[in-house]
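Report on the following structure.
The values are calculated or read from the model by the stated rules, or taken from the named source; none is laboratory data. Just so it is clear, the model here is predicted, and its values are computed rather than measured. Cβ atoms come from the backbone with ideal geometry, glycine included; neighbour counts cover every protein chain shown. Calculation scope for accessible area: heavy atoms of the full protein, side chains included, ligands and nucleic acids excluded. Shrake-Rupley method; radii C 1.70, N 1.55, O 1.52, S 1.80 Å.
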Amino acid sequence: MKNTMRHKGFIGSIHYSPENECFHGRIEGIDDLVSFEGRSVDELKKSFQEAVEDYLELCRTTGKALA
């Protein structure tokens, strides 16, 4: 089983926390810490996609080069 998802070329690592009963992850392969979370798979996917879109917008507005 893969514990990753992809969106627009970015990879998100996925972990499950039984204590909190939620999924959480982070965007891999970038110099910044961008995390996301959700209580269901659908919430997790949406949160990951939003995190990628927000990161891309941040890079555009600040002039940061993508890794």
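Using only DSSP helix segments of four residues or longer, with each worth -39500 (n - 2.57), what per-residue ellipticity at 222 nm results for the chain after dividing by its residue count and rounding to 500? Mind showing how you got there, number by number?
Values: 1 runs with 22 residues, N = 67.
Helices in the chain give a 222 nm mean residue ellipticity of -11500 deg cm²/dmol.
Could you derive backbone 3J(HN,Hα) for the range 40-48 from the dihedral phi with the Karplus parameters 6.51, -1.76 and 1.60 (θ = phi - 60°), listing whole Hz in sequence and x where the residue is Gly or Pro?
Karplus-based 3J(HN,Hα) across the range 40-48 equals 10, 4, 4, 5, 5, 4, 4, 5, 5 Hz.
Can you give the relative contact order of the chain as a percent, counting alpha carbon pairs under 8 Å and 6+ residues apart?
Normalised by residue count, the contact order of the chain is 22 percent.
Determine ³J(HN,Hα), in whole Hz, for all residues of the range 16-26 in sequence, where each value follows from phi through the Karplus function 6.51 cos²θ - 1.76 cosθ + 1.60 and θ = phi - 60°; x replaces Gly and Pro.
Each residue of the range 16-26 in turn: 10, 10, x, 5, 9, 6, 8, 8, 8, x, 8 Hz.
Could you please report the charge total around residue 50, scoring K, R as +1 and D, E as -1 over all other residues with beta-carbon less than 14 angstrom from its beta-carbon?
Numbers: positive: 8, 26, 45, 46; negative: 37, 42, 43, 53, 54, 57.
Net charge around residue 50: -2.
Over the range 10-67, with every protein chain in place, what whole percent of the accessible area is carbon and sulfur at 1.4 Å, could you tell me? Present the calculation step by step, with values, prior to reporting the outcome.
Details: 1890 of 3840 Å².
That fraction is 49 percent.
Whole number in Å², please: accessible area per residue of the chain, 1.4 Å probe, ligands, DNA and RNA not counted. Walk me through the numbers on the way to the answer.
Numbers: 4800 Å² over 67 residues.
Each residue of the chain exposes 72 Å² on average to a 1.4 Å probe.
Which of the trypsin sites (Lys or Arg not before Pro) across the chain are loop residues per DSSP, with 16 or fewer other Cβ within 10 Å? Write down the numbers at each step before the final one.
Numbers: sites: 2, 6, 8, 26, 39, 45, 46, 60, 64; in loops: 2, 8, 39, 64.
When the trypsin sites (Lys or Arg not before Pro) of the chain are filtered for loop state and at most 16 Cβ neighbours within 10 Å, 2, 8, 39, 64 remain.
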